[in-house]
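Colleague: Below: one structure in structure tokens.
The values are calculated or read from the model by the stated rules, or taken from the named source; none is laboratory data. These figures come from a predicted structure and were not determined experimentally. Here the Cβ is made from the backbone with ideal geometry for all residues, glycine too, and neighbour counts use every protein chain on show. Note: areas computed on protein heavy atoms with side chains; ligands, DNA, RNA excluded. Shrake-Rupley method; radii C 1.70, N 1.55, O 1.52, S 1.80 Å.
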Amino acid sequence: MEEELEQKYKSITRSVAAIDSQSKVSGALKYITDMRIENMLFASVVRSTYAHARIISIDTREAEKISGVKAILTYKDIPGLNAYGAIVPDAPVLAYDRVRYYGEPVALVAADTEELAREAASLVKIEYDPLPVIRSIDESIASEAIALHDNGNIARHTIIKKGDTERAKREAYMTLDRIYRTPFQKHMFLEPEGGVAYIDESGIINVFAGGQSPYRDKLQIARSLNIPPEKIRTVNYPTGGAFGGKDDITVQIHLALLAYKTGKPVKLWFSREESGVAGYHRTGSEIHLITSVDKEGTLLSNEAQIYLDTGAYQSFGPTILDVSIETINGPYRIPNYIINANLVYTNNGFSSAFRGFGAPESNFAIESMINELASELHLDPIDMRLKNILMTGEEGPFGNTIRHGDGLREALMRAKNSKIWNSVIQNKKPWQRSGVGIAVAIKGVGFGTLPDYPTAAIEIATEGKVKIMFSNVDYGQGINTGNAQLVAEKMDIPLNQVEVRHADTKYSPDTGSSSASRSTFASGNALLLACSKALDRLKMEACFYFGVTSEKLEYKEGRFYYNDRSVGIYELAKSLKARGETLRFESTFEVPRYPAPVEGTLEVPHVVYMYGVLLSSAVLDELIGNIHINQAEFYADIGTVINPSIASGQIEGGIVQGLGYATTEDLKYDVNGKPINNNYTTYIVPSVRDVPDIYVEFIDSLEELGPYGAKGVGEISIIPVGASVAHAVYNASGKWIRDLPLLPWKVI
Amino acid sequence: MNYSQYVVHSPQNLNEALGILKEKASEIRLISGGTDVMVLIKDNIIKEKELLNLSFLNELRYIHEEGNTIKIGALITYKELEKSKVVNLNAPILVDASKTIGAAQIQNLGTLAGNLGNASPAGDSIPPLYVLNASVKLQSADSERVVPVSEFFLGPRKTKRAPNELITEIAIEKTKPGLYYFFKKLGLREANAISLVSVACIADLDQYKKVNSIKLALGAVAPTVMFAVKSEKLATDKQLDLNLVDEIARSVSEEISPITDIRGSAEYRRRAAYGLVYEGLYEVLMGTAKRVSGSFEGVY
Ligand SMILES: Cc1cc2nc3c(=O)[nH]c(=O)nc-3n(C[C@H](O)[C@H](O)[C@H](O)COP(=O)(O)OP(=O)(O)OC[C@H]3O[C@@H](n4cnc5c(N)ncnc54)[C@H](O)[C@@H]3O)c2cc1C
């Protein structure tokens, strides 16, 4: 398949090295937190030492006495809205009357050195009146629970129904009733949250920070500083890992505020432990499923009660809840369902976006349920899935039309015929037990029914380059390379003529955030439109040049041909420039969506879905309980694969991050709501030696709506890991474990 | 965490180092590979404001063979142990343990002396040193003494080392050729993991698998690394079979006194200790455990 495509395309479907890889491996690339500006101040955040308390007083007098301290800011110093949050701005920029999680920012200090800033921060005296700490979903929804916000402890509640589940249950051959739980997960990016801010000669506040969404950050900063967004520039490249944890505001407003108040450049950079305490994490979940089938394994109904723990504030909580709703029926035909979904406040830190965005939580529940049902019915779990998956053209669970169910079917067939699914594993030691597990994943690309109009630009530069501009951030996933390949393909020029300028509001228009596996789809499509615009304009110029009408011209390899004469795009650019015409072409893509969300949701459903099937093979030590995942196979339907090696890297990375989530990562809060494992020593992410043999296969697939048929890839592989591994462990041990992670003491 | 506020002394020879240590004693912190000390500094746990950098004391960088003993200078790193022919042939259990410590970066810098100095009950070189009958040489400007490793520790982060003393050497006994040995460590990942439980064992069995003698030391299950004395006694002079393997493992799990901490519960640690000991001894019984090859040329 790859060979055929290679003939079809010149630049895409090829594994070119990421365009910034050399500067990364050589160390030449400076990450944002490497930035130093002359005379810059260092900032330190005064954080709450209570998970829940009323603030009685804030006394900065002692701290102000330290020489070298240039600013100490509290809520009183915020000119605009003292709140932020991507969907609902309910989190204070600086706490004023109350703190709701351990590590919540209360004051900011900027000083000449890092040490002075820290020292001064430690001298800010905050008097608290402790309040009861809500440590779990159960405690939060209990009738006697103290309300964490004016609207109570349920930030969002919605019920969505289809058909008649009561009747379906009565008529069913079998109904299983199960509760599944998933833990919080920390992003653990290698570069913790941080950045610098300064005011330039023209009075613009420049905020360089690790992030995923330069334009949304800019708006949130503007809102809190009460200045027009034009007065702010945000830059997010290069960011050393994000995974959703830098999608909402981290340091941006604090940095801008300090630069604004002091007039000086400021740097703020979390330590690992600070990131552990104050950074975001994935929502924890508790999902109760009651699912019915007939004798042959056809799904009849699904009742789901979803509780997501959003921690102290909402951030993306409402839309994370939507994705968990959308995922709870899997890619299956389920005629009757009730989804009762709840987003719950607690004092467990602060949840926000994390790769998968609510899908891994729901996927663990529904995919484990399917495996349990198949097991009870003595059905092959792949056959059971083949029977239930929605096929192309069918109506999906939310009134949507399935565009490409055939890709998932093909992925399942390949999994079914794979070696690891069909081989019997020989255990080397008597205490070893082995098993292979399966789970299927589905994930929408982009923001579903929410309006999404990504804008991107290209410039035909007379020096012989095509410059491309978009705001999505390359934080390691390779979007700048993929987009360069798309543009090289469309413009029919070599890749090295494409120059990327992205993630910087000064140069790039608003293409939206790097999230929801949308960057290739959104910015790729917008860039292709901009390329068409440029080519149209250049063609007119070529007509002018040859003195002929346009149908006489042919375009190839960066040149317009008229019989045996030709002119290149850069020469044409020069003549346009000579007349003072613009060489920049900007286009906006209308992301296809259903006109309105399913009632009770904000963004359900999506038009385009990615699919994946994960097989994992576990070896369990029966005496000790530890599991070792030694093999994983992933069959992916992600549309056209722009860059196979980068896409495989995304899938492998997602699997490994999922293995941490499934087996060892276990963020815990103590009785006072303080996180107890906040660094790599205590919060156990997998090491390179824990990585299994991973085999990735792409299904031949084409999504007509995507750029050259591409969908997206970032999130799909992390989603099914929990259920696949839990299934493997069941097949090894005979024990279903319904709460992640699968720590050794739960397994034996 | 401000590294520049530390005064670093870098003596060029042992005498100079002992002189400084005599003068400063508990005011100064020793630093070898720094893989523990740097973390402590970062976390602001160290009270001393001066550091005695031992890395220039090249006279402590040696591995000598003396009859039945191998003498290891305090600056020898895990990587150097892994590469040493003498150690591989005569005390391979220490090599196996070294390979589980941290990852390559830590093994390149970390030292046995530092592992002893740090005195964590989870120090992974320590159970092997117990079963190798190791002793620790402590030198000060005015004196020199040798303490058996099994008496060196007083509790977590507490040792018999006086503030003016330096660990200069660790001596281990060669393991007799043919003896079985194993080191097993349970961590939650394959590298850079702190042990939940670790076990070191050297077993001398006759050709009929009767236990002539056995040494079993466990890490992370008591305030210091400990010998499973009762279990060793239980095993000695008995015929090793599956029942005895189970009995010894059970006895070990009862003999230890683990605590519950962030890494795991006491109850689980007992089960895991059972499992590690069972698996190690099972392999001894089946003859699939590793055996010491001995110091004869040509064995390799
Ligand atoms: C990422 C990471 C992973 C790790 N993994 C493991 C692991 O798997 N297993 C394990 O056991 N440990 C592990 N460690 C801990 C550490 O690497 C070991 O304890 C190592 O042996 C320390 O040796 P060092 O030379 O670096 O000691 P240093 O840090 O230099 O010193 C450690 C302590 O010993 C004292 N000291 C040093 N030299 C002497 C001396 N000559 N005489 C007396 N006292 C002395 C110091 O004052 C200090 O208190 C890990 C550490 C890190 C950072």
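Colleague: Picking from A:407, A:373, A:425, whose Cα lies most toward the positive end of the charge dipole for region A:371-438 (charges on Cβ: Lys, Arg +1; Asp, Glu -1)?
Modeller: A:425
Colleague: Also, quick follow-up: Add -39500 (n - 2.57) for each DSSP H run of 4 or more in the protein assembly as shown, then divide by its residues: what number comes out at 222 nm, to the nearest 500 deg cm²/dmol? Don't skip to the end; give the middle numbers.
Modeller: Numbers: 32 runs with 304 residues, N = 1048.
Rounded to the nearest 500, it is -8500 deg cm²/dmol.
Colleague: Right, another one. Rounded to whole Hz and in sequence order, give me ³J(HN,Hα) for region B:102-110 from the Karplus expression 6.51 cos²θ - 1.76 cosθ + 1.60, θ = phi - 60°, writing x for Gly and Pro.
Modeller: Using θ = phi - 60°, the values come out as x, 9, 3, 4, 5, 5, 6, 10, x Hz.
Colleague: Quick one: go through region A:189-211 and flag any residue whose amide nitrogen is under 19 Å from the point 7 Å out along the Cα-to-Cβ line of residue B:38.
Modeller: Of the residues in region A:189-211, A:190-192 have backbone N under 19 Å from the label point off residue B:38.
Colleague: Pop out a list of residues from region A:583-623 that are at least 30 Å² less accessible with all the protein chains around than in their chain alone; 1.4 Å probe, no ligands or nucleic acids counted.
Modeller: For region A:583-623, once contacts with the other chains are taken into account, A:623 lose 30 Å² or more.
Colleague: Same structure, new question: Taking a probe of 1.4 Å and counting only protein heavy atoms, give the total accessible area buried between chains B and A in Å², rounded to the nearest 100. Could you put the intermediate results ahead of the total?
Modeller: Values: alone 14010 and 28080 Å², together 39880 Å².
What B and A bury together is about 2200 Å².
Colleague: Across peptide A:425-433, what mean number of C-beta atoms from other chains lies inside 10 Å of a residue's C-beta? Numbers along the way, then the final one.
Modeller: Working: counts 0, 0, 0, 1, 5, 4, 4, 1, 0.
If you average over the peptide's residues, the count of other-chain Cβ atoms is 2.
Colleague: Among the listed pairs A:467/A:490; A:416/A:746; A:218/A:267, which are separated by more than 20 Å between their Cα atoms?
Modeller: A:416/A:746
Colleague: Quick one: pull the percentage of alpha-carbon pairs in region A:171-276 with a separation above 18 Å.
Modeller: When every Cα pair of region A:171-276 is considered, 52 percent fall beyond 18 Å.
Colleague: Is chain A rounded, prolate or oblate when judged by the Cα gyration tensor, a ≥ b ≥ c being the square roots of its eigenvalues, rounded requiring a/c under 1.5 and prolate requiring a/b larger than b/c? Don't skip to the end; give the middle numbers.
Modeller: Working: a/c = 1.76, a/b = 1.06, b/c = 1.67.
The shape class here is oblate.
Colleague: In the protein assembly as shown, carbon and sulfur make up what percent of the accessible area (probe 1.4 Å)? Please report the intermediate quantities before stating the final value.
Modeller: Numbers: 19710 of 39880 Å².
Ligands and nucleic acids excluded, carbon and sulfur give 49 percent.
Colleague: Still on this structure: State whether chain B is rounded, prolate or oblate according to the following rule on the C-alpha gyration tensor (a ≥ b ≥ c being the square roots of its eigenvalues): a/c under 1.5 gives rounded; otherwise a/b larger than b/c gives prolate, and the remaining case gives oblate. Intermediate values should be presented prior to the final figure.
Modeller: On the way: a/c = 2.12, a/b = 1.54, b/c = 1.38.
Prolate.
Colleague: If the cut-off is 25 Å between C-alpha atoms, which lysines fall inside it for residue A:162, apart from same-chain ones fewer than 8 positions away?
Modeller: Of all the lysines, those that pass the test against residue A:162 - Cα under 25 Å, at least 8 places apart if same chain - are A:295, A:387, A:443.
Colleague: At q = 0.13, 0.19 Å⁻¹, what log₁₀ I(q)/I(0) does a Debye calculation on the Cα points of region A:1-142 give, no solvent, two decimals?
Modeller: -0.74, -1.13
Colleague: Sort A:49, A:298 by heavy-atom solvent-accessible area, probe 1.4 angstrom, most to least. Intermediate values should be presented prior to the final figure.
Modeller: Details: A:49 85, A:298 45 Å².
Putting A:49, A:298 in descending order of accessible area: A:49, A:298.
Colleague: I would also like to ask the following. Compute the separation of the alpha-carbon centres of region A:671-748 and region A:218-281 and state it in Å as a whole number.
Modeller: Taking the Cα centre of region A:218-281 as reference, the centre of region A:671-748 is 30 Å away.
Colleague: Give me the inter-chain shielding for B:187-198: mean count of other chain Cβ atoms within 10 Å, whole number please. Don't jump to the answer; show the numbers that get you there.
Modeller: Values: counts 3, 11, 11, 7, 5, 6, 6, 3, 0, 4, 1, 0.
Partner-chain Cβ atoms within 10 Å, mean over residues of B:187-198: 5.
Colleague: Short version: which residues of region A:271-309 lose at least 30 Å² of accessible area, all chains versus chain alone, 1.4 Å probe?
Modeller: A:273
Colleague: Go through A:246/A:465; A:161/A:246; A:30/A:76; A:465/A:574 and tell me which ones have a Cα-Cα distance over 24 Å in this structure.
Modeller: Numbers: A:246/A:465 32 Å; A:161/A:246 34 Å; A:30/A:76 35 Å; A:465/A:574 12 Å.
Check vs 24 Å cut-off fails for A:246/A:465; A:161/A:246; A:30/A:76.
Colleague: Now for a different question. Amide H to amide H, which residues 5 or more places from residue B:197 or on other chains are under 5 Å from it, using H placed in the peptide plane?
Modeller: B:186
Colleague: Follow-up question, since we're still on this one. Excluding same-chain pairs closer than 8 in sequence, count the lysine pairs in region B:43-114 whose Cα atoms lie under 27 Å apart. Can you show the working numbers first?
Modeller: Numbers: B:71/B:79; B:71/B:83; B:71/B:85; B:71/B:99; B:79/B:99; B:83/B:99; B:85/B:99.
Close lysine pairs found across region B:43-114: 7.
Colleague: Could you state how much accessible area residue A:40 has, in square angstrom rounded to the nearest 10, with a 1.4 Å probe and all protein chains kept in place?
Modeller: So the heavy atoms of residue A:40 present about 20 Å² to solvent.
Colleague: If you fit an axis through the alpha-carbon atoms of helix B:242-255 and take the longest principal axis of the Cα set of chain B, what angle between them do you get, 0 to 90°, nearest 10?
Modeller: The angle comes out near 40 degrees.
Colleague: With the radius of gyration and the Kirkwood radius both derived from the Cα set of region B:3-53, what is their ratio Rg to Rh? Spell out each step's value before the answer.
Modeller: Working: Rg = 10.8 Å, Rh = 11.2 Å.
Here Rg/Rh amounts to 0.96.
Colleague: Between 0 and 90 degrees, rounded to the nearest ten: what's the tilt of helix B:14-24 against the longest Cα principal axis of chain B?
Modeller: That helix lies at roughly 70 degrees to the long axis.
Colleague: Continuing with this model, one more query. Could you report the protein assembly as shown's accessible area per residue, 1.4 Å probe, as an integer in Å²?
Modeller: On the way: 39880 Å² over 1048 residues.
For the protein assembly as shown, the solvent-accessible area averages 38 Å² per residue.
Colleague: Still on this structure: Can you divide the C-alpha Rg of region B:58-173 by 2.2 N^0.38 Å and report the result to two decimal places?
Modeller: Working: Rg = 13.1 Å, N = 116, 2.2 N^0.38 = 13.4 Å.
Scaled against compact globular proteins, the figure is 0.98.
Colleague: Just read off the accessible area of residue A:295 with the full protein assembly in place, 1.4 Å probe, to the nearest 10 Å².
Modeller: Approximately 130 Å² for this residue.
Colleague: Could you order peptides B:184-195, B:128-139, A:686-697 by the average number of other Cβ atoms within 10 Å of their residues, highest first?
Modeller: On the way: B:184-195: 20.4, B:128-139: 24.3, A:686-697: 16.3.
Result, highest mean Cβ count within 10 Å first: B:128-139, B:184-195, A:686-697.
Colleague: Could you tell me the accessible area of residue A:556 in Å² (1.4 Å probe, neighbours in place), rounded to the nearest ten?
Modeller: About 100 Å², ignoring ligands and nucleic acids.
Colleague: Okay, moving on. Determine the shielding of peptide A:685-691 by partner chains: average, over its residues, the number of Cβ atoms on other chains within 10 angstrom of each Cβ.
Modeller: Working: counts 2, 4, 6, 4, 6, 5, 1.
Counting other chains' Cβ atoms within 10 Å and averaging over A:685-691 gives 4.
Colleague: Largest first and to the nearest Å, give the Cα extent of region A:658-734 along each principal axis.
Modeller: Sorted from largest, the Cα extents of region A:658-734 read 52, 32, 23 Å.
Colleague: Using alpha carbon centroids, what distance separates region A:509-556 and region A:25-67, in Å?
Modeller: First find each Cα centre; the distance between them is then 45 Å.
Colleague: Also: Grab region B:180-291 and count how many Lys pairs have their alpha-carbon atoms under 18 Å apart, sequence gap of 8 or more, or different chains.
Modeller: Taking region B:180-291 as the scope, the lysine pair count is 16.
Colleague: Could you give the length gained by full extension between residue B:23 and residue B:103, i.e. 0.36 nm per residue of separation minus their alpha carbon distance, to one decimal place? Provide the component values of the computation, followed by the final result.
Modeller: Working: separation 80, 0.36 × 80 = 28.80 nm, distance 3.62 nm.
Contour length minus Cα-Cα distance gives 25.2 nm.
Colleague: Here is a further query. With each pseudo-label sitting 7 Å past Cα toward Cβ, what's the residue A:181-residue A:462 distance in nm, one decimal?
Modeller: A separation of 6.8 nm, rounded to one decimal place.
Colleague: Could you give the size of the charge dipole of the protein assembly as shown about its Cα centre, using +1 on the Cβ of each K and R and -1 on the Cβ of each D and E, expressed in debye and rounded to the nearest 20? All intermediate terms of the calculation are to be shown ahead of the outcome.
Modeller: Details: 112 positive and 127 negative charges, 221 e Å.
My answer is approximately 1060 debye.
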